[in-house]
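The values are calculated or read from the model by the stated rules, or taken from the named source; none is laboratory data. In this text the structure is predicted, and so the values were computed from the model without any measurement. Quick reminder, even Gly has a Cβ in these numbers, built from the backbone with ideal geometry, and neighbours come from all protein chains shown.
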Amino acid sequence: MITRFRTRLIIILAGLVAGALLVALAAVWVATENQLERSIERELSVSEKVFRELLDSRSTQLLQAAEVLTDDFGFKRAVSSKDRETIISALVNHGERIGAELMVLQTPDGKEIASSHAFDELRINPRAAGSNRELAVVEDELFQLVTVPVNAPNLIAWATLGFEVDSELAEELKSLANADISLWLESSNDVLASSLSQPKVSSLSETLTQSNGILDAWLLNNDFAGNEVILNLDSGDAVHVVLTTSLSAATEEFTRLRWQIVLIAIAALVVAMLLAVIIARGVSRPLQQLSGAAKKLQQGDYSETNLSLNDDEFGKLADTFGSMRKAISEREQRISYQASHDHLTNLPNRRFFRKELEKLLHANNSGCLLLLNIRQFRVLNDSVGQEIGDDILRQLSDRLRQCCANSTLLARVGGDEFAILYSFEQLAFELNSNVNQLEAFLKSPFKVGDSDYRLAFNLGVVCFPEQGAEVDLLIRRAQVSVQQAKLQQSFYVEYQQGLDEQHVRRLQIIESLKDAVKDEELHLVLQPKINCQSGTVVGAEVLLRWQSEKLGFVGPDEFIPLAEQSGAITDLTDWVCRQSVELLRNWEQQGETLKLSINLSTVDLLSDALPLLFEQLIKGFPQLPQRLVLEVTESAVMQDPEKAIARLETLKRLGFSISIDDYGTGHSSLAQLRRLPVEELKVDRAFVQYLSEEAMDESIVRSTIQLAHELGLRVVAEGVEDEASWKVLQSLQCDELQGYYFSKPLAISDFKNYLTDHELKE
């Protein structure tokens, strides 16, 4: 019986594990297969875009070279001479100089003057002169053509230069597009050029001839994935381009991953079998002991039997297999799709800037990188329109050219970012002088039409090679310095050691804050508020705590400022308010009438959504204004006094009591507080913590309490740490107290226990 039970348990456990592993393996297999297909499609799509971009870029370069040829005085003189031999000699010599394989010269009305190839196979449209897109097949060879006028000064001829598209070019394009490239003519199915090996080219040509241009079978037989592009010719014919990549290479990583997963699954199954045997033995052992005890009872032995049984629950046997995901690094090709300069400002772009910076680093030059950011430019763009924003950017680039004329490079590296590069090898450079000059140039407003626009800037400075010898590292540290300048509200910050770690930590906090509410990582704690004279609990201040799964415990002094900067503070305040309302509602049902105080940030105070939130909460809990005190810091009020006063008056009309927190640390005075609709004043802990020891602190607190009472304000003292300070505050007629002498911030359940214990003591 026991043996059969043990065997069944082993079989069941092993079967469950094996089934789960099979399902997981199947899911992983299907997922990797789908990912492989998407990866190949994405790679071929990128390769096609790169191919088209490279062809366009080459055409532009060829056109420039041809224009240089036709502007040559010697060439113009040869054409004007109408001497055919002289013309041919000049055409050949100049064409060879720029690497042209096809050369044609024709009269303004399109008649042949001289040609290196069959003129009747060319369909040259003189009206398309200067075009970047001319392809033609001449004598079974594919050419890129450019046609330019020959003026002396009037039009005397049209010069057409052709540059062969051959296998050598295909090899060059392959290295940039990361895919093999083959071109063939639709009418004859002849392969014109290819980066494939000669056997593959022969196989392709044979397939095209036999299947009339259908490639599917050839791609499959040669282990290729491909993407076909058609380039139309003026002749009515078309050139087909196929971009191919090896399926074996693409699937190699996925195959290795699959086998790794299979091996892991096998290992897991073996371990599970061993554990199943161990667990089955552990389960059967107590049964054996119980059976032995039953036999002793059957024999009439009623003596006590010592059963060494565990407290583990039978049947609670589960081997949990977490989902396995392995990040698959896809091959990323950093391919540039832009020209070397920004079209709006005519400054070098990010790609050009990176190349120049890399050159300086490879040459072991020393210098400085300045990264300039326009503060809140996106907001300006949205408010006044992109057209005005573009005009401002053009004006800014002109100013930077003027101010940074001695720089090695000035570039626009982003929508609102400009990079200024100084090489110490090329010029004498004094950082403070250049930064001050730049700041002065940027202070004056930017005029667009009849309007003036004042912009705020932040500048990050990093020096190389001492602060970095890699392009990405320098750019990142310059960006970190810009962010630090924003935090410090200063024009510029020079990179210092340790800013990287601080920046990464801030980014992690900002990113994790987005899901903190959804993931239930936030919780409230309550610090009791005590009546100063009687010592009874009259309420509590609501404080927010965050226990992040990724970051561990994050203090409010760390995440609250970042929440304000990122805009996440609005969601946090909304959550705190709703949780507080729910807590008050539960207390009311239990007969508790305590008040709660919550803190509002500067962002909250200036937000138009704040009154709407409280109006909504009041509808669900009409007693809320009498039970909730809203605390704002005096620095928050002083940031925008007029708007803050208007917002506080709105909250006052809703019935809420307003408290000024951390009084004494800002720039306000009791005279200024007379303008505010407040009922409570909280003296900062800096004046209370050593109240019994510092006579100066006692004088400050005494005068503050007296004047506040004359203004009709209730006074709360924070940071009461000992009984002596309490007694002093009692003598000064303070109204309420907070501090670790009475209690640290407590969890909600612990606060309820504190109330019970406090009532018993009373």
Selection within the stretch 702-743 - small (Gly, Ala, Ser) and under 51 Å from the mean Cα position of the chain (by Cα): 708, 712, 717, 719, 725, 739, 743
Residue match in the stretch 516-535 (condition: at positive phi and among the polar types (S, T, N, Q)): no
Residues of the stretch 368-388 classified as at pLDDT 85 or above and surrounded by 19 or more Cβ atoms within 10 Å (Cβ to Cβ), total: 7
Residue in the stretch 353-360 that is over 19 Å from residue 342 (Cα atoms) and surrounded by 18 or more Cβ atoms within 10 Å (Cβ to Cβ) present: yes
Where residue 401 falls short, out of the listed (1) over 31 Å from the mean Cα position of the chain (by Cα); (2) more than 24 Å from residue 489 (Cβ to Cβ): (1)
Test: residue 622 is more than 23 Å from residue 718 (Cβ to Cβ), at pLDDT 90 or above and either of a type in the set (Phe, Trp, Tyr) or in the same structural domain as residue 676 (by TED's automatic domain parsing) (or both): yes
Helices (runs of 4 or more DSSP H) contained in the stretch 680-762 and holding at least 2 residues surrounded by fewer than 15 Cβ atoms within 10 Å (Cβ to Cβ) and touching a residue at least 40 places away in the same chain (Cβ under 8 Å): none
Filtered residues of the stretch 60-112 (kept if in contact with a Phe, Trp or Tyr (Cβ under 9 Å, 6 or more places away or on another chain), exposed (fewer than 14 other Cβ atoms within 10 Å of the Cβ) and part of a loop (DSSP other than H, G, I, E, B)): 99, 107, 108, 110
Qualifying residue in the stretch 562-570 (condition: crowded, with 20+ Cβ neighbours inside 10 Å, in a helix (DSSP H, G or I) and small (Gly, Ala, Ser)): yes
Residue satisfying condition, being among the charged types (D, E, K, R) and buried (at least 20 other Cβ atoms within 10 Å of the Cβ), within set 401, 454, 412: 412
Test: residue in the stretch 157-172 that is buried (at least 20 other Cβ atoms within 10 Å of the Cβ), among the charged types (D, E, K, R) and not in a loop (DSSP other than H, G, I, E, B): no
Some residue of the stretch 231-252 being within 23 Å of residue 23 (Cα to Cα), at pLDDT below 75 and surrounded by 14 or more Cβ atoms within 10 Å (Cβ to Cβ): yes
Single unsatisfied condition, residue 208 versus (1) modelled with pLDDT under 80; (2) surrounded by 22 or more Cβ atoms within 10 Å (Cβ to Cβ); (3) closer than 30 Å to residue 88 by Cα: (3)
Strands (runs of 3 or more DSSP E) contained in the stretch 449-551 and holding at least 1 residues small (Gly, Ala, Ser) and not assigned by TED's automatic domain parsing to the domain that holds residue 743: 451-453, 457-464
Single condition residue 573 does not satisfy, out of (1) among the β-branched types (Val, Ile, Thr); (2) touching an Asp or Glu at 6+ places or on another chain (Cβ under 9 Å); (3) over 17 Å from residue 510 (Cα atoms): (3)
Residue match in the stretch 509-521 (condition: within 15 Å of residue 457 (Cα to Cα) and at pLDDT 80 or above): no
Filter result for the condition that a residue is buried (at least 18 other Cβ atoms within 10 Å of the Cβ), closer than 25 Å to residue 598 by Cβ and modelled with pLDDT of 85 or more, over 543, 459, 526: 526
Pick from the stretch 365-391, criterion part of a loop (DSSP other than H, G, I, E, B) and under 23 Å from the mean Cα position of the chain (by Cα), ranking: nearest to residue 432 (Cα to Cα): 375
